[in-house]
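Reviewing the structure listed below.
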Amino acid sequence: MPYGPPGRPTPPPRKRRGGFTSLMLVVIFLVVGGLVKFAVNKGVDIGIDAFGPKPTTTYTPQPGNAPAKTGDNPLVTDADGSLVPASCDYAPWGTQVDKARKFFESAAGCLEAAWKPLMAANGLPFESPTLSITATTDGITTPCTGSTSNFAAFYCAANKTIYMPISQLQTDQFRDNWVVYLSVFAHEYGHHIQAQSGILRKANSDRVDAGARSTRGLELSRRVELQANCFDAMFIAASKGGGSLSSDQVTLATRDSYGRGDRPGDMRDHGTADNGGKWFESGLENLTPQCNTFIAAAGDVS
């Protein structure tokens, strides 16, 4: 299941057609329903919001001591869990692929330096994610999205890779305000931390059991995404604490976090813009228990 930022374009309304089309839709629904049931029973990753051909690979957790837990995971029950102030030497931002790659690689090094000690302190394994920095989404095939080119930045647990296509980062809107791109990247890195700690494994397993697009399945997706917002903000706070970000940049990242929630017509898998911003602000306190979305009230993850 790919995890990325919200705000996907709302699909256009379908045109009404005649009785023959309705009959065909019923037949297709029955066939697809059978295939989905088969896929879930066989452990095939059917994805979520993944258009185009679906992958045939599954996420097989690597041997390690990460517990498959969410609300009671050691990462979020450590009362003193925080990231050390991160003094980061970010490479200059640019929309050219080579320049953007160096920027995100420098950010990845800083994120690893911030998260790895906390993971070790809680007896959790850590492996660096792979980065995919490209100009566009053309020609990219992933275990989580198949061969579709309709995706933004996202994290795929199946191959532990963060995908950051520059064309999907809204650079025309944010221009040289690179803290926004850093925040998006830190959000996706937060999903990697969830995967490494066992949180994502448990959440995905529960979603398959409930039905990925069921009411319970979508709530679990929102808890995952809102926690990644919070983990994102923890790093932003640590980077400011290390003198690498200014107060104005943190304010800009916070404002942006209030603009990325589910929109009308979305399937409600990320949470409202208001809750997205609130969990980001919780993360600015730089304490992992403040990011425990899995024990939060339903209204706080709506």
Sort ILE199, ILE295 from largest to smallest accessible area, using a 1.4 Å probe on the heavy atoms of the protein chains. ILE295, ILE199
Can you put LYS278, LYS102, LYS160, LYS202 in order of accessible area, largest first, using a 1.4 Å probe? LYS102, LYS278, LYS202, LYS160
³J(HN,Hα), Karplus 6.51/-1.76/1.60, whole Hz, each residue of segment 73-84, x for Gly, Pro: 5, x, 4, 9, 9, 6, 4, 9, x, 8, 9, 5
Using protein chains only and a probe of 1.4 angstrom, how many square angstrom of ARG201 are accessible, to the nearest 10? 70 Å²
Check SER149: other-chain or 5+ apart residues with amide H under 5 Å from its amide H, H built from backbone geometry? none
Would you mind getting the accessible area per residue of segment 153-201, heavy atoms of the protein chains only, 1.4 Å probe, in Å²? 26 Å²
Using protein chains only and a probe of 1.4 angstrom, how many square angstrom of ARG101 are accessible, to the nearest 10? 80 Å²
Any idea what % of Cα-Cα pairs in segment 118-159 are farther than 14 Å? 57 percent
Treating only Lys and Arg (+1) and Asp and Glu (-1) as charged, each at its beta carbon, one finds that segment 146-228 has a dipole about its Cα centre, in Debye to the nearest 20, of 300 debye
13 Å Cα-Cα reach of LYS69 towards aspartates and glutamates, excluding residues that sit fewer than 8 places from it in its own chain: ASP206
Would you please classify the overall shape of segment 77-152 from the alpha carbon gyration tensor, given that a ≥ b ≥ c denote the square roots of the eigenvalues, rounded means a/c under 1.5, and beyond that prolate means a/b larger than b/c while oblate covers the rest? oblate
Carbon/sulfur accessible area of segment 140-187, % of total, 1.4 Å probe, equals 39 percent
Which aspartates and glutamates have a Cα less than 18 Å from the Cα of LYS102, not counting those fewer than 8 places away in the same chain? ASP89, GLU112, ASP176, GLU188
By the C-alpha gyration tensor axes a ≥ b ≥ c (rounded if a/c is under 1.5, else prolate when a/b exceeds b/c, else oblate), the shape of segment 55-184 is oblate
When N counts the residues of segment 92-131, how does its alpha-carbon radius of gyration compare numerically with 2.2 N^0.38 Å, as a ratio? 1.43
Note, ³J(HN,Hα) from phi for segment 152-165, Karplus 6.51, -1.76, 1.60, rounded to Hz, x at Gly and Pro: 9, 4, 6, 10, 10, 5, 4, 10, 6, 10, 9, 9, 10, x
Is the shape of segment 160-302 best called rounded, prolate or oblate, per the rule: a/c under 1.5 gives rounded, else a/b larger than b/c gives prolate, else oblate, with a ≥ b ≥ c the square roots of the Cα gyration tensor eigenvalues? prolate
Tell me which residues come under 5 Å, amide H to amide H, from THR130 once H is placed; ignore anything under 5 positions away on its chain. THR161, ILE162
Please give the solvent-accessible surface of GLU281 in Å², to the nearest 10, using a probe radius of 1.4 Å with every protein chain present. 80 Å²
Just reorder ASP206, ASP172 by solvent-accessible area, largest first, 1.4 Å probe, all chains present. ASP172, ASP206
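The values are calculated or read from the model by the stated rules, or taken from the named source; none is laboratory data. The structure presented is a predicted model; accordingly, all values stated were derived computationally and were not measured. Because the Cβ atoms are built from the backbone with ideal geometry, glycine has one as well, and the counts that use them run over all protein chains shown. To get the accessible areas, we keep the full protein, side chains included, count just its heavy atoms, and leave off ligands, DNA and RNA. Shrake-Rupley method; radii C 1.70, N 1.55, O 1.52, S 1.80 Å.
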